[in-house]
Amino acid sequence: MKKVLIGIVAVLAIIALFSGCGYNSLVKLDEDVKTKWGAVEAQYQRRADLIPNLVSTVKGAAKFEQSTLTAVIEARSKASQITVDPNKLTEENIQKYQAAQGQITQALGRLMVLTENYPQLKATDQFRDLSAQLEGTENRITVARTDYNAAVQTYNTKVRSFPNNLTAGMFGFSQKAAFKADAGSQNAPKVEF
């Protein structure tokens with residue numbers, strides 16, 4: 001009986017050693033995912049901060065379609081109300097966040113298409129500068145999302161791999177959700193004047 005108890009304790013100790021080795025790396029990867037998520041949010045915030053300046057510039061330089069400006073302002077307002085706790089990066093939460101950001105992207109796309117009808121607007125330095133900043137921000141968002149997805153992949157691989165899956169289960173490390181392409185993004189946008 002004593003030998004069986006010692007054997008069980010030895011097996012449990014070995015399992016604890018193997019699974020315990022992965023705890024620190026899981027914490028590091030979890031923090032990396034949270035940091036990358038913060039970078040995604042920062043780039044979306046940068047875009048949201050540029051929008052009021054862009055809208056003001058457009059208002060001042062052209063008699064513009066009010067519905068387009070209103071759509072941009074409303075989309076920005078809705079998107080800024082949605083936040084995701086880095087500890088709850090579930091697929092559902094990411095999709096809600098992505099949907100709100102997608103509304104801004106669509107509204108800004110309509111705004112940029114409509115500016116084609118106002119050559120004097122496109123010629124202003126302020127509008128040109130804001131457009132370039134907005135384009136750069138969109139590129140930064142893409143890079144931040146790509147970096148986030150790479151961190152999620154590394155983290156999820158570690159969480160699902162043996163013996164780290166034992167540690168993950170014991171300490172509550174669960175898989176994180178990645179960004180996915182927006183519905184219909186495989187189709188090129190239609191630009192009509």
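Before moving on, here are some points about what is shown:
- Residues of segment 128-153 that are touching a helix residue (DSSP H, G or I) at 6+ places or on another chain (Cβ under 6 Å) and either of a type in the set (Ser, Thr, Tyr) or loosely packed, with under 13 Cβ neighbours inside 10 Å (or both): THR137, TYR148.
- Hits in segment 86-110 (condition: under 22 Å from GLN153 (Cβ atoms) and open to solvent by 70 Å² or more (accessible area, probe 1.4 Å)): ASN87, LYS88, GLU91, GLU92, GLN95, LYS96
- Segment 37-75, subset charged (D, E, K, R), at pLDDT 80 or above and open to solvent by 50 Å² or more (accessible area, probe 1.4 Å), residue nearest to the chain's Cα centre (by Cα): GLU41
- Inspection of segment 1-24 finds no residue satisfying the criterion of being more than 18 Å from the chain's Cα centre (by Cα), at pLDDT 85 or above, of a type in the set (A, V, I, L, M) and surrounded by 13 or more Cβ atoms within 10 Å (Cβ to Cβ).
- Boolean, LEU89 is over 30 Å from VAL27 (Cα atoms) and either modelled with pLDDT of 85 or more or assigned to a helix (DSSP H, G or I) (or both): no
The values are calculated or read from the model by the stated rules, or taken from the named source; none is laboratory data. Owing to the predicted nature of the structure, the values given are computational and were not obtained by experimental measurement. FYI the Cβ positions are ideal-geometry reconstructions off the backbone, even for glycines, and counts take in every protein chain you see. All accessible areas refer to the heavy atoms of the entire protein, side chains included, with ligands and DNA or RNA removed. Shrake-Rupley method; radii C 1.70, N 1.55, O 1.52, S 1.80 Å.
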